[in-house]
Structure formats: C-alpha cells, structure tokens
Amino acid sequence: MDVEELLIESDLIREFQIDNHDPATAIEAARPLPLWRRIWEISAVRKLFLLAVMALIWQLYAIKLGNTLVLPSFTVTVQAFLDALKSGELISRSAVTLKVLSMGYIGGVTAAAVLSVFAIGSRLGADLLDTLTSMFNVLPAIALLPLALLWFGLGTPSILFVLIYAVLWPMALNTLAGFSSISPTLRLVGRNYGLRGLRYVFLILIPAAFPSIVTGLKVSWAFAWRTLIAAELVFGVSSGSGGLGWFIYERKNQLETADVFAGLFTVILIGILFENIVFRPLERNTVFRWGMRS
Amino acid sequence: MSIASIDSTAEQKKVILSVEDVTLEYLTQAHLVTAIVHTSFKLFAGDRLVLLGPSGCGKSSLLKAVAGHLKPTAGRILLNGKQIRSAGPDRAMVFQEFDQLLPWKTVLGNVVFALTASGNMKRKEAELAATHYLHKVGLNGFLHAYPHTLSGGMKQRVAIARCLAMRPEIILMDEPFAALDALTRQKMQDELLELWRDIGFTMLFVTHSISEALLLGNRILLVSPHPGQIRAEVTVDPNTFGSEGDTRFREISERIHNTLFRDIADYSI
C-alpha cells in the first residue's frame, strides 16, 4: 500500500523525515580505530607480548639466583637450544620420537575406528566399548609400561603398545560420543536417501560426528605425545638411538641443565607446531566452515 | 488467497498411497504406546492431503510409517500397490527441524547429494536438476552457501527443493513451517501452493494448525488422540472461502476445532 495514501486515510501513522545524505547531520556508521588499537586487536601480538614478559622475568630471576646448575638464564637456554639444533642432535632425536609417535598414533586411531564402527552396528558392541573406555580411560598408559616391558622386551614394540593404548580410549570415547549425539532427523534423512551399511556410516554418520572426531584426534594426539616423552624418560634408547625424552634424561645425568631446558622447549615447540600445522587447518576447513562449531 | 485452480490432476483419481487398517505402536522405556489404531485412508495423485490433529495424536507416527521409518503392527501401507517395507527416495520428507540439511554440504551440494546418493542420477545431471529446483524456490543466489549461514525459512526452502528434485511419488511434510515466524510461515505456505500449481506433486502434510490445514489442503483428515484415530474428513471446496479473515473460514475452523477437542476437554489447551 502506498504510504501517502495511508497517511490520508488515518492519522495513526506518522512518518519521520530522515536525511542520511546531508553531511552536516549524518552520523558515520563506522569509524576506523587508531593504529595501536588495531595492532593490539591481533591475538598473536598480545600472546607474543605475554611471552616476552615471562622471558624477561625468567632472565631477571636467573641472574639474581646466579646458579646455572639449578636454573640457567633464558639467554643461556636459547644458546643451548641453538647449539643442539646446529649440531643436528635435537633434530635426529626429534625424528626418532616422531617416527615412533606416528606409528603409535595411526595404529591407535585405526583401532579406535574399527571399534567404533563395530559399536554403532550393535547395541551390545556399544555397551562393550562404553564399558572398556570408562575402565581404561582412567588408567594412565604409562602405568602399563612395566607390563609392556615384560611382554615385549626392551624396544620399540613396548613403547608402541603403550602409545596405541594411550590413543585408543580417548579417540574411541570421543568418536562414540559423536555418533550418539547425531540428530535423529539427520539419521532419518540418510535413511530416506536409501543409504545402508558402510555407505550410511561414511556418507552420513562420520561427517555428522566430525566435530567430536576432530576433538578425539586432538586429545589423543596430546595423550600420545605426553605418554611417549614420559616413556622415553623411563626407557628411551633402542639400538643406540634414543628419542627426545632420552635426550632430556641423558643431559640431566650430565648436569647440563641448559640442555634439559632446551629439550623441554623442543617438546613444547613440536606440540604447538603440530597443533597449528595439522589441527587448526583441519578444523578451519571442516567444522568451522560447516558451522558445526563456533 | 484463492484455490481456484484446484484438482485438475486429482480428477483422474489414481490411487498413489493406500493406508489399510493400520495400527502403530512404539516402545518407550516403560510403555508400549499405541499411536494409531485401525486407520485407513487413500491418497490420490495430485492430492494435498492434510493430517490435522493436536500434539501427540499420532499423526507424525503415521507419516513416519508411510516414510518407512516405523513398521505397522497391524494392517499395511501400499505405495502404488506395493507394500512399504523400508525408507526410500520415492517418499521424500521435509521435517520441522532446521537440522535436516547436511551441514557439511552447501545448498547445492545438499540437493545434489540427495539425488546421487539415492541412486540413479549422474553428477552433471543432478547438478542441473538441483539448480533448476533451487531456482524455483528462489535460492539461486545461495547455491554455494553453507546451511548454517541461512535463515530458518531459507533452510526449509532448501529442504523443499531437495524433495521436489528427487521427483518422489509423494512428498511427506512433517510440520515444515511450525518453527518459522508468522510472517515467513505465511509466505512459505503461499509459495508451496504456487509450487504445487506449477509442478503438481502429491503431498501428505502433517500439521496441528487448523488454518494451515485449510489453506494448504484439498482434503483434511482430522486425527484425534489417545489413541490416534481419524475422526472426520473435510473436503476443502476451492470456492468455499476467500481468505483467513472470511466468516466461512472461521466457521469451518470452529467446527474442526470442536470436532477435534470435543472429547479431550480435560487436556484442553
């Protein structure tokens, strides 16, 4: 209906005159922030600032303490890290650790996938997996190392066993939680398309449960990483080439505290790198893009 | 609105769906609930049959049984003379819930996937068909958007386009507009009728809104609860009334309301 006409018909409606084109009265819809505010809005900048502050506190306290054996200063630690990096030792040790890690991780994730698919298939299977996960999820993997050494001897197989165990339960727990939280409507839609069996699992259930599956991958990676370093600290050498954990343990025995710090620093660095290179892009291209997590 | 061009196809009276003496039961933790008892009706080609009843009267269960998600404990349901045994793409369904779209696929991807996953269509062909039907529901500008970026009304449009593109024998609608705001709902109702005139599908529509039933249906089955039974059938004559404000419309609404709620004053709303 024409507004003019309406105005004549009734005086219940009154229209206001708004002129947004007059520069004298118009209000700017958006104003740019000053430069320093814009830089401060970047979270990486804020985090780097915090790291710098912490490094400074470390440095000052270490200088005041003046005991390199207990607490080497920040600069000494960085120097030790760079030296170990240059000599190639840190890299070769990290490579050993990462090789074992990837084997254990892939093994554990595969085992969890098989168990989960079995568990969706039948109610008894789901009950079994549920019982197993609630039992073993609270038993730390590292506690099985003595038993593993007894069964598999001193060597990589023992560590692999512990790693697979560390990955399996958090992964299975999250995957199963993901499957059981899929909306019934989505399941009906899949059935409606006539999807059955594995096609139904791969085309509907797995993508629908993907947020939980990604969480499972992240959590179990962290579990594996921590378990492996811990296992290597206890027993990390096989055929003369130990991993990162063994490096830390060795240097402690040699009272090279700065090197111990450098080793710990490497553990943190690899963890953060993995998070940013693998999991962030994975999440960005899947669950965030799909709006399944915000 | 007017329903002037009604039923040129339904004149032929070809039976698409035949529900014969069906009883439906389902299991909860403590009870075996009877949702529907000894219910029969027929759906003809081009029909817009509405199952109307209060919440919990079993109308949705009946729709689920037709979809093949729920097996009748007695009686049988025939689609083109063949008994329905499982869910299939020849009965496409629009749900009330907005999460019926696959969130990991775009608008176009959702419709294409419905066509390729349900069997026979090649990708190229499916894309053409999907684009055609998405255009019909007015979503040609949103083909590559992900569902979470759409409004509720737009999501339901995608779901409707998906159903139409599958070219099913019947389109099953389970209160598809119930979760929408009033303005959007009205618009969607008009558009659905427009699509029906344009394409001429057969539809089984479930709702608890009397005015929605009168606007959309050419036949209305009134379902009363505890347990669900068909109380009456209303044939909506296209010339009976003009619009929702019409006196005749209000009279019929009131009649239907009285029929449905006569026996259940205790549970009154």
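No value in this document is a laboratory result; all are computed from the given coordinates. Predicted, not measured: the structure shown is a model, and the values here were computed from it. Note that we place each Cβ from the backbone using ideal geometry, even for glycine, and neighbour counts take in every protein chain shown.
Worth a mention:
- Shape box of chain B [Cα atoms, principal axes, largest first, Å]: 53, 44, 38
- Debye log10 I(q)/I(0) at q = 0.09, 0.10, 0.12 Å⁻¹ for the protein assembly as shown, Cα point scatterers: -0.88, -0.97, -1.16
- Here the label points at A:GLU15 and A:LYS86, each 7 Å from Cα along the C-beta direction, are separated by 7.9 nm in the simple model.
- Ordering of A:91-102, B:177-188, A:277-288 by packing is A:91-102, B:177-188, A:277-288, highest average first (other Cβ atoms within 10 Å, averaged per residue).
- Acute angle (nearest 10 degrees) that the helix A:43-65 long axis makes with the longest principal axis of chain A, alpha-carbon atoms: 40 degrees
- Whether chain A is rounded, prolate or oblate, judged on the alpha carbon gyration tensor where a/c under 1.5 counts as rounded: oblate
- Database remark: amide H of B:LYS14 closer than 5 angstrom to the amide H of B:ALA45 (H placed geometrically; neighbours at sequence offset of 5 or more, or on other chains; Pro and chain starts carry no H).
- Charge tally in the Cβ shell below 13 Å around A:TYR105, where Lys, Arg are +1 and Asp, Glu are -1, A:TYR105 excluded: +3
- Tensor-based shape of the range A:129-266 (alpha-carbon gyration tensor, a/c under 1.5 rounded, otherwise prolate or oblate): prolate
- Contour minus Cα-Cα distance for B:SER209 and B:THR73 (0.36 nm per residue): 46.1 nm
- Structure-based [θ]222 nm, chain B - -39500 (n - 2.57) summed over DSSP H runs of at least 4, per residue, nearest 500: -10500 deg cm²/dmol
- Taking 7 Å steps out from each Cα toward its Cβ at B:ALA179 and A:LEU282 produces label points 3.0 nm apart.
- Residues whose amide H falls under 5 Å from that of B:GLY228, counting only those 5 or more places apart or on a different chain, are B:ILE36, B:VAL37, with hydrogens built in the peptide plane.
- In whole angstrom, the range A:48-153 maps to an equivalent ellipsoid with semi-axes of 44, 19, 16, each derived as √(5λ) from the alpha carbon gyration tensor and ordered largest first.
- Helices meeting the span-like rule in chain B (full DSSP H runs, Cα extent of at least 18 Å along the helix axis, mean Kyte-Doolittle score of -1.0 or higher): B:152-165, B:182-199, B:247-261.
- Whole-angstrom gap from the range B:73-150 to the range A:139-170, using each part's C-alpha centre: 48 Å
- The phi-based Karplus calculation (6.51 cos²θ - 1.76 cosθ + 1.60; θ = phi - 60°) puts the 3J(HN,Hα) values of the range B:221-232 at 9, 8, 10, 9, x, 6, x, x, 9, 7, 8, 7 Hz, whole numbers, x for Gly and Pro.
- Note on the range A:242-294: the alpha carbon radius of gyration divided by the globular reference 2.2 N^0.38 Å gives 1.73.
- Between A:TRP151 and A:VAL53, the C-beta separation translates, for a Förster distance of 45 Å, into a calculated FRET efficiency of about 0.40.
- Computed FRET value (nearest 0.05) for B:GLN83 with A:PHE118, which takes r as the C-beta separation and R₀ as 30 Å: 0.35
- Average partner coverage of B:79-89, which counts Cβ from other chains inside 10 Å: 2
- Percent of alpha-carbon pairs separated by more than 18 Å within the range A:148-221: 53 percent
- Euclidean distance between Cα centres, the range A:213-277 to the range A:59-109, Å: 9 Å
- Extension gain, A:LEU139 back to A:ASN253 (0.36 nm per residue minus Cα-Cα distance, nm): 38.1 nm
- Along its principal axes, the range B:66-138 has C-alpha extents of 41, 27, 21 angstrom, given from the largest down.
- Inter-chain Cβ neighbour count for B:101-111, averaged per residue, equals 3 (cutoff 10 Å, partner chain atoms only).
- Charge sum, other residues only, whose C-beta stays under 12 Å from B:VAL94's C-beta, Lys/Arg counted +1 and Asp/Glu -1: +1
- Scalar couplings 3J(HN,Hα) for the range A:137-146, obtained by applying the Karplus form with A = 6.51, B = -1.76, C = 1.60 to θ = phi - 60°, are 5, 8, 8, x, 4, 4, 5, 8, 4, x Hz; x denotes Gly and Pro.
- Distances between placed amide hydrogens fall under 5 Å for B:MET93 paired with B:LEU172, all partners being 5 or more residues away or on another chain.
- Neighbourhood charge, 13 Å Cβ-Cβ cut-off, centred on B:ASP21 and excluding it, Lys, Arg +1 and Asp, Glu -1: +1
- Mean residue ellipticity (222 nm) of chain A, computed from DSSP H runs ≥ 4 via -39,500 (n - 2.57), nearest 500: -22000 deg cm²/dmol
- Relative contact order, whole percent, for chain A stands at 20, derived from Cα pairs under 8 Å and 6 or more residues apart.
- Partners for A:LYS218 among lysines (Cα-Cα distance below 26 Å; same-chain residues under 8 apart left out): A:LYS47, A:LYS99, B:LYS105
- Charge dipole (Cα centre; +1 on Lys/Arg Cβ, -1 on Asp/Glu Cβ; no other charges) of the range A:81-228 amounts to roughly 420 debye.
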